[in-house]
There are 2 protein chains.
Amino acid sequence: MLTDMPTAQPVSAPAAASDIPEVASELRTSVMRMRRRLANERHPDNDLSLGSMAVLGALYANDEMTLGALAARERVQPPSMTRMVNFLEEGGYVVRRQGETDRRQVLVSITDKGRRTVRKDRLSRDAWLAQQLVDLDADELAALRTAASIMERIATS
Amino acid sequence: MLTDMPTAQPVSAPAAASDIPEVASELRTSVMRMRRRLANERHPDNDLSLGSMAVLGALYANDEMTLGALAARERVQPPSMTRMVNFLEEGGYVVRRQGETDRRQVLVSITDKGRRTVRKDRLSRDAWLAQQLVDLDADELAALRTAASIMERIATS
DNA sequence: TATTGTTATACTCTATAACTATA
DNA sequence: TATAGTTATAGAGTATAACAATA
């Protein structure tokens, strides 16, 4: 029964300006709590931090990236990425090699072990979160997908 | 024009099971990046961390809470909340008092300065995020609101 | 004994500053 | 000189363990 609902908005309808601060506040709060919960709930059967797994995921998609590109993508400073890459290299998940055209660069690529870890981990690492989503209806899931896309865009803008 | 869209789902339509892991993964990634971006973009004119502001916000809504209740609400361990409350108390944003019926408890309440800070901060602290939202259309804003609500529920479950 | 909160301590993640190697 | 990355160091935020006070 949609009789009480506002009519569907055209796709380009601007948001009501008065709602924006409220949504911003709600979103910020929920992101902070969600992040903490995700950090707490992550699967303990590999020793990679969430940040390291994100790096590995980027390399899974891109095969080889410079350390600087990884740092920019993950929005961390280069020293932080150096640490993550060190850790991943020690574990055999990635390898470094020197850039060919520019020998200052460090090209990072994923190993077979890294690839296997990503595949295996993608099956299990979101298990907790996926479990929290199973009871959602299709509209709610769609809203999450839309929100994730918007947040991704905002966070990397 | 909705001719190409699937018919509106009944509210209880279950989500497609195959989409869940994908949404979980997208959501997790975007939450992590968003949180880092929010931490970087916060307004520098007060010295309160994001966590401390969340505590102050809870006290703004609830007037007086035990330290344990605050810790549970923010999903941190009691020692972490002790630290945050110490910091807020030193700044004059909150006051402690001993529980009356149970004298082990610490009741934390917000001061006038704390209230003013919350009000002032709510106008400015989400300014960056709100600015990122102004170009969204009504559907996207609604999706964010729905997502925030779901994340809040999941994070505090 | 169990619970509420605090103190002491350590760990993780991130940052800035100073440095090396290369462009 | 400028840039890519590393090393050294520090800070923020969180946790666990041991403790004190109270129930």
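The values are calculated or read from the model by the stated rules, or taken from the named source; none is laboratory data. Everything quoted here is computed from the prediction, not taken from an experiment. Reconstructed Cβ throughout: ideal geometry from the backbone, glycine too, with neighbour counts over all protein chains shown. Each accessible area value is taken on the protein alone, full model and side chains, heavy atoms only, with ligands, DNA and RNA left out. Shrake-Rupley method; radii C 1.70, N 1.55, O 1.52, S 1.80 Å.
Odds and ends about this structure:
- Odd one out for B:S49, checked against (1) within 14 Å of DNA strand C (Cβ to nearest atom); (2) open to solvent by 50 Å² or more (accessible area, probe 1.4 Å); (3) modelled with pLDDT of 90 or more; (4) not acidic (D, E): (3)
- The set of residues in region B:84-98 being within 7 Å of DNA strand C (Cβ to nearest atom) and either open to solvent by 80 Å² or more (accessible area, probe 1.4 Å) or not charged (D, E, K, R) (or both) consists of B:V85, B:N86.
- All positions within region B:113-138 that are within 17 Å of the chain's Cα centre (by Cα), small (G, A, S) and facing another protein chain (nearest Cβ under 9 Å): B:A127, B:A130
- Every residue from region A:40-90 that is part of a loop (DSSP other than H, G, I, E, B) and within 28 Å of B:A155 (Cβ to Cβ): A:R42, A:H43, A:P44, A:D45, A:N46, A:D47, A:L48, A:S49, A:R75, A:V76, A:Q77
- Region B:69-97: number of residues that are out of contact with any helix residue (DSSP H, G or I) (no Cβ under 6 Å at 6 or more places or on another chain), of a type in the set (G, A, S) and within 13 Å of DNA strand D (Cβ to nearest atom): 3
- Test: residue in region A:99-106 that is open to solvent by 50 Å² or more (accessible area, probe 1.4 Å) and either assigned by TED's automatic domain parsing to the domain that holds A:T156 or more than 9 Å from DNA strand C (Cβ to nearest atom) (or both): no
- Residue match in region B:66-75 (condition: hydroxyl-bearing (S, T, Y), modelled with pLDDT of 90 or more, closer than 19 Å to B:G99 by Cα and not assigned by TED's automatic domain parsing to the domain that holds B:R153): yes
- Of all residues assigned to region A:114-121, none qualifies as being hydroxyl-bearing (S, T, Y), within 27 Å of A:N40 (Cβ to Cβ), at pLDDT 95 or above and part of a helix (DSSP H, G or I).
- Pairs, first polar (S, T, N, Q) in region B:53-66, second open to solvent by 70 Å² or more (accessible area, probe 1.4 Å), C-beta under 7 Å, six or more apart: B:T66/B:Q105
- Looking only at residues in region A:9-39 that are open to solvent by 80 Å² or more (accessible area, probe 1.4 Å) and not in a helix (DSSP H, G or I), the one that is modelled with the highest pLDDT is A:P14.
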